[in-house]
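Take a look at the structure below.
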Amino acid sequence: MTAPPVEKVPKELISADRIHIRVGELGAAITADHAGDPEIVVVCVLKGGFIFAADLVRHIGRPCRIEFIRASSYGNRHTSAGRVALGHDIDFDIAGCHVLLVEDIVDTGQTISRVTDELRKRAPASLKICCLLDKPSARKVTVGIDYTGFTIPGHFVVGYGLDDAEKYRELPFIGIATT
Ligand code: IMP
């Protein structure tokens with residue numbers, strides 16, 4: 001009988017404590033920048049952004065409306081082929097609103113670029129981008145990121161919402177995928 005494969009645990013890159021502190025700092029910066037705005041429409045990019053967005057809004061000291069948009073890029077398991085499909089859309093007219101797009105990671109930049117192009121067509125009063133992780137080594141499209149949690153090297157990372165084939169999203173830290 002063959003033994004079951006041994007599950008490899010992702011190697012920690014950013015601890016849960018560091019994430020918690022940084023999310024608080026991002027929330028404070030966003031709060032200060034939106035001090036005069038009556039409401040922020042927080043648009044979370046699914047699926048990877050769900051944990052980050054949930055923590056971040058609890059550190060934003062302004063009224064927030066929460067919306068979700070789904071973006072999927074097709075390619076190999078760890079590389080984007082550049083075709084980005086938008087799935088579930090926000091069900092709210094953002095014209096004249098202050099919008100904060102919350103994304104887990106900016107890699108090639110193609111996903112965030114596709115989503116921002118789409119949202120800009122809807123004439124928001126402002127549109128800012130907040131990403132937890134920035135992996136500039138793989139960038140193919142120039143993206144103006146307003147708030148970045150951590151800039152990381154070109155590893156494929158998992159945890160805190162990020163997956164590898166739908167695994168590891170539940171990890172409280174960011175780890176380097178070992179497979
Ligand atoms: P981009 O379009 O190449 O910038 O990739 C953005 C999307 O690819 C992210 O929203 C993630 O869903 C996924 N992605 C890119 N790099 C990683 C990674 O290191 N771990 C998990 N997902 C990633």
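Against the globular-protein guess of 2.2 N^0.38 Å, express the Cα radius of gyration of region 16-154 as a ratio, rounded to two decimals.
1.00
Which net charge results for the neighbourhood of Lys135, defined as the other residues with beta-carbon distances under 14 angstrom from its beta-carbon, given Lys and Arg at +1 and Asp and Glu at -1?
Numbers: positive: Arg139, Lys140; negative: Glu103, Asp104, Asp107, Asp134.
Here the charged neighbours net out to -2.
For a quick protection proxy, order the peptides 62-70, 165-173, 41-49 by their average other-Cβ count within 10 Å, most packed first.
41-49, 62-70, 165-173
Please state, as a whole number in µm²/s, the translational diffusion coefficient that the Stokes-Einstein equation yields for region 72-179 at 10 °C and 1.306 mPa s, with Rh defined as the Kirkwood radius across alpha carbon pairs. Intermediate values should be presented prior to the final figure.
Values: Rh = 14.8 Å.
Answer from the Stokes-Einstein relation: 107 µm²/s.
Which net charge results for the neighbourhood of Gly48, defined as the other residues with beta-carbon distances under 14 angstrom from its beta-carbon, given Lys and Arg at +1 and Asp and Glu at -1? Mind dumping the intermediate values first?
Values: positive: Lys47, Arg70, Lys135, Lys167, Arg169; negative: Asp55, Glu103, Asp104, Asp107, Asp134, Asp163, Asp164, Glu166, Glu170.
The answer is -4.
Since every read-out is calculated from the coordinates, none of them should be taken as a lab result. Quick caveat, the model's predicted, so the values are computed rather than measured. Neighbour counts run over all protein chains shown; Cβ positions are idealised from the backbone, glycine included.
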